[in-house]
Amino acid sequence: MLVGCGSMDLSPKLLNRLASLGQALDNRQQLQVFDGGLVGFDCETESEVIANVAQGEARRSPIRSGAGQRAASDTWRRTARQGHNFGSEAHERAFGTELRILARHYGTLAFEDQHGLWAVVSSNPLGPGGPQINFLTGVIADRRVTPRAWAFERIGVRAKTMALKHTNFPDASVCAFVPEDRAWSPGEGLVAYADHLTIWAVKQLYREHIGSWPGPQFGFGALYRKLEFQPQEWCGCLSDKRYADCHQASDLLASDPPAHTEFRAAFGCDYSDRKTPGPVLEAARTRWKRMPTLHQVFSLRPAKIEFP
Ligand SMILES: [Zn+2]
């Protein structure tokens, strides 16, 4: 019997695994991320994780078998096969080493762009038989600009992003950490960035299949919390309390116009303005044959560093 909802059903075994991972996050336990995005508990070795998740799932597709990897026109891999690296020396200098490290740990496609690089990173947080999440990740050559990523639980003509909870406004890119967390800096590299995306995907999957967001979360303002938070989730004000025991009552009593004004002042747009940019969706729909430019997509949300 398959249980679940949304675009992908999970076997009872994978659902149990997801429930345990989410409960660990909710109890603020550390998880670790292995190759391919496989997520394990702090105490597990990689082979134990594989043994735990793979039993009974062996007939399913193995990790890193995503259709996108076969179908995409892949300038980086193609040139790598010819004994070269990137087409341009500037890209090779800026990204060559880091991309090769990323590709050792995650299924990776890379596409050169005038301003940097697009990388499609495939992650299987629950291992074989579980969902494959494809993160379309934009990395700007000026590394003072933080990378942005969009998470797809399905690519191809019926491409589908993961839910919008904990994505940025208005471009709906993944919000895996806030700068105040100091969770990631460019010096930590793209593997660590992909690991953060993977843990975000586990939380998103937990919410999709089990119903709430596990673990501490940040949520600015009454409107955002009221629309996105469940009572049993952690409150977004970092108070160490559940939402129901903290801001929920005052958020529900807040009248709408000031709440909307507060939101607009903080995010520069309305709550309803958030959506995945058309060119990003088109890239996933065409299995990365039609890629947007970084300029096109990153311009939708101001970065600290402006493009020339
Ligand atoms: Zn609170």
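Here are the numbers:
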{"read-out": "Efficiency of FRET between Ser299 and Ala51 - r from beta-carbon atoms, R0 45 angstrom, step 0.05", "value": "0.45"}
{"read-out": "Area accessible to solvent at Ser11, 1.4 Å probe radius, in Å²", "value": "10"}
{"read-out": "Dipole in debye (nearest 20) - the stretch 79-237, about Cα centre, beta carbon charges: Lys, Arg +1; Asp, Glu -1", "value": "320"}
{"read-out": "Helix-only [θ]222 nm of the chain, DSSP H runs n ≥ 4, -39500 (n - 2.57) each, per residue, nearest 500", "value": "-11000 deg cm²/dmol"}
{"read-out": "FRET efficiency estimate (nearest 0.05) - Cβ-Cβ, Ser255 to Asp42, R0 35 angstrom", "value": "0.20"}
{"read-out": "Dipole of the stretch 216-273, positive direction: furthest Cα of Gly268, Ala254, Leu238, with charges on the beta-carbon", "value": "Leu238"}
{"read-out": "Surface share of carbon and sulfur [accessible, 1.4 angstrom probe, percent] for the stretch 216-273", "value": "57"}
{"read-out": "Rounded, prolate or oblate (a/c below 1.5 giving rounded, otherwise prolate when a/b exceeds b/c) for the stretch 216-273 by Cα gyration tensor", "value": "prolate"}
{"read-out": "Of Lys160/Lys241; Lys160/Lys226; Lys203/Lys275; Lys203/Lys241, those spanning more than 30 Å from alpha-carbon to alpha-carbon", "value": "Lys160/Lys241"}
{"read-out": "Relative contact order for the chain, counting Cα pairs under 8 Å that sit 6 or more residues apart, in percent", "value": "17"}
{"read-out": "Charge tally in the Cβ shell below 14 Å around Val297, where Lys, Arg are +1 and Asp, Glu are -1, Val297 excluded", "value": "+1"}
{"read-out": "Sequence ranges 144-150, 173-179, ranked by mean other-Cβ count within 10 angstrom, highest first", "value": "144-150, 173-179"}
{"read-out": "Size of electric dipole in the chain: Cβ of Lys, Arg +1 and of Asp, Glu -1, about Cα centre, debye, nearest 20", "value": "960"}
{"read-out": "Rounded to whole Hz, the Karplus (6.51, -1.76, 1.60) HN-Hα couplings of the stretch 172-188, x for glycine and proline", "value": "6, 6, 4, 10, 7, 7, 9, x, 4, 5, 6, 6, 8, 9, x, x, 7"}
{"read-out": "Value in Å of the Kirkwood radius, where the stretch 180-231 supplies the Cα pairs that are averaged", "value": "12.8"}
{"read-out": "Å² per residue, accessible surface of the chain at 1.4 Å", "value": "47"}
{"read-out": "Simple spin-label estimate for Ala183 and Val157 in nanometres, 7 Å along Cα-Cβ", "value": "3.7"}
{"read-out": "For Gly215, net neighbour charge (Lys/Arg +1, Asp/Glu -1) across residues whose Cβ lies under 13 Å away", "value": "+1"}
{"read-out": "Distance between modelled label sites at Ser212 and Gln23, nm, 7 Å Cα→Cβ extension", "value": "1.3"}
{"read-out": "q = 0.08, 0.09 Å⁻¹, the chain: log10 I(q)/I(0) [Debye, one scatterer per Cα]", "value": "-0.36, -0.46"}
{"read-out": "Extension gain from Arg285 to Ala141, taking 0.36 nm per residue of separation minus the Cα-Cα distance", "value": "49.3 nm"}
{"read-out": "Probe 1.4 Å - accessible area at Leu238, Å² to nearest ten", "value": "120"}
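The values are calculated or read from the model by the stated rules, or taken from the named source; none is laboratory data. The model shown is predicted, which means the values in this text are computed figures rather than measured ones. Using ideal geometry, Cβ is built from the backbone for each residue, glycine included, and neighbour counts are taken over all protein chains shown. The area values use the complete protein model at the heavy-atom level, side chains included, leaving out ligands, DNA and RNA. Shrake-Rupley method; radii C 1.70, N 1.55, O 1.52, S 1.80 Å.
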